[in-house]
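The next block holds one structure in the form of structure tokens; read it before the comments.
The values are calculated or read from the model by the stated rules, or taken from the named source; none is laboratory data. Nothing here was measured: the structure is a model prediction, and the numbers come from that model. Glycine gets a Cβ as well: all are built from the backbone with ideal geometry, and neighbour counts include every protein chain shown. With ligands, DNA and RNA removed, areas are computed over all heavy atoms of the protein, side chains included. Shrake-Rupley method; radii C 1.70, N 1.55, O 1.52, S 1.80 Å.
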Amino acid sequence: MIKRGAERRARGGPESGPQRALITAVFVSRVGNGLFNTAAILYFTFVVHLPATQVGLGLTIAGLSGLAAGIPAGNLADRYGPRTIWLTSLALQAVTMAAFVLIDSWLAFTVVATLDRLAAAGGGAAGGALVARVGGERPAAFRARLRTFVNLGVVLGTLGAAVAIQIDTRAAYTGLILANAASFAFAGLIAFLGVPNYRPLPRPEEHRQWSVLTDRPYVSFVALYSAMGLQYQTVSLLLPIWLATHTDAPRWTVAAVSAVSSGVCVLLQSRLGSKVETPRQGGRAFRLAGLLFLVSCPLMALTADVPAWVAPALAILAVCVHSIGEVWESSGGYTLAYVLAPDHAQGQYQGLFGIGFNAGQALAPVILTGLVLPLGHTGWLLLGVFFATVGAAGPPVAAWAQRTRPAPPAPEAAPDDPAPVGQGQ
């Protein structure tokens, strides 16, 4: 099933027009995300005058509500074509993002944020299916290359947001929000003009809209990936708090480690990701990532035990190790997410993949700040052991999943080929 479906995918190479168009569209939208996400909390608290606790509650409600859109949107992408659903989600996000400039109450904020998260979750499922089609025979390698531009776009957007934050006026923050809304519209236009409207693939009779939930190996993989997803906020949330409250490192260290993390991912994502294309390689990449996190987490903890002039260097070293692990983790995750999914149901499977990841990210702040941080050095060590344990489960889960996939059909002999030895004419 997987191989037959692969034959129906686009066969474009790394420089194919649809791939360039999708990369450009995603890059544009991520620049907008970087502009907005960096300054969003400041806009909602200082401009709209919502208490930080209310903003957090609203975002939590929106995030949990968004989980409901993953599989249904994926099914729509499988039925009507991934580009159609992805463009629809971009249009909705452009509208909801622009609506943020009009909110003046917590209820309005929560409603708009929820609609935005529903559209984003739907776009994630449809976008994953679209990557599978545009990526041709190597969707995971293309996804790794795409992620390079995702990181680069966020970095550039973040730098642009810093200017607005320095200006610190309502007009400046409003400009960021509207720029993000425009980025969704512009990304949709690029994809509409440059990405083909792929037809849905034929679905077998046994296909069901919720069949992914009965695929135990895939569900197990999603659970592993969700758990390993704690590593993202280890660098973006836990380490900054640790540096600020437990070390004598200068404040600029927080910005430095963030820049280094993004830089390592930009430089290595495509190079290392292209080496991970089979389920076996995906499982091994997952295991290697866990081991690298086992090294990086204690190094981050040790920043509290060294002089102020050493702490920044040690933090950057730890983040370099961690970011290399992130590249392997994401590469293994993308490979397993695409290769283990039947081609006719990529949207549905990518929907569950997105649900798992987003659920893990929603729980990460509570786990990292409520369990790991209070334990200090012990918490960091336990976190590293947790990552290594989750990573060690990668190869057996990948092998289990591969055993349950349909065997690829035997290649048919060409008409002029001689008959195989031992067979009659």
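With loop membership from DSSP and a limit of 10 other Cβ atoms within 10 Å, the longest segment of the chain without GluC sites (Glu not before Pro) is 207-411. Surface composition of the chain: carbon plus sulfur atoms hold 66% of the accessible area, using a 1.4 angstrom probe and ignoring ligands, DNA and RNA. Structural descriptor for region 253-358: relative contact order 38 percent, calculated from alpha carbon pairs under 8 angstrom and at least 6 residues apart. Placing a label point 7 Å from the Cα of residue 369 along the Cα-to-Cβ direction, the residues of region 223-237 whose backbone N falls under 18 Å of that point are 230-237.
Angle of helix 70-80 to the longest C-alpha principal axis of the chain, folded into 0 to 90 degrees and rounded to 10: 40°. Counting alpha carbon pairs within less than 8 Å and at least 6 residues apart, what relative contact order, in whole percent, applies to region 195-304? Normalised by residue count, the contact order of region 195-304 is 26 percent. Taken along the Cα-to-beta-carbon direction at a fixed 7 Å, the label points for residue 156 and residue 95 span 2.9 nm.
At an R0 of 22 angstrom, the distance between the Cβ atoms of residue 64 and residue 107 translates into a FRET efficiency of 0.85. Helix 139-167 axis versus longest C-alpha principal axis of the chain: approximately 20°, rounded to the nearest ten.
Remark: region 253-362 carries a charge dipole of roughly 220 debye about the Cα centre, counting +1 on each Lys and Arg Cβ and -1 on each Asp and Glu Cβ. Please list, in order, the residues from region 367-386 whose amide nitrogen is less than 18 Å from a point placed 7 Å along the Cα→Cβ vector of residue 295. It comes to 381-386, nothing else. Using unit Cβ charges (K, R positive; D, E negative) and no other charged atoms, how large, in debye to the nearest 20, is the dipole of the chain about its Cα centre? I would put it at about 580 debye. Using the rule -39500 (n - 2.57) for each DSSP H run of four or more residues, divided by the residues of the chain, the 222 nm mean residue ellipticity is -24500 deg cm²/dmol. Between residue 171 and residue 392, the contour length at 0.36 nm per residue exceeds the alpha carbon distance by 74.6 nm. Zone of residue 245 (label point 7 Å along Cα→Cβ, backbone N under 18 Å): which residues in region 356-396? Output list for this probe position: 363-383. From most to least packed by mean Cβ count within 10 Å, the peptides 246-257, 222-233 give 222-233, 246-257. A crude spin-label estimate for the pair residue 53 and residue 192, with each label 7 Å from Cα along the Cβ direction, gives 4.5 nm. Can you give me the Cα centroid spacing of region 175-198 and region 87-153 in angstrom? So the two Cα centres are separated by 10 Å. Using 0.36 nm per residue and subtracting the Cα-Cα separation, the extra length available between residue 385 and residue 309 on full extension is 24.5 nm. Relative contact order, whole percent, for the chain stands at 26, derived from Cα pairs under 8 Å and 6 or more residues apart.
For region 190-336, the residue among 212, 319, 257 whose Cα projects farthest onto the positive side of the dipole built from Cβ charges is 212.
Per residue, the accessible area of the chain comes to 45 Å², computed with a 1.4 Å probe over protein heavy atoms only.
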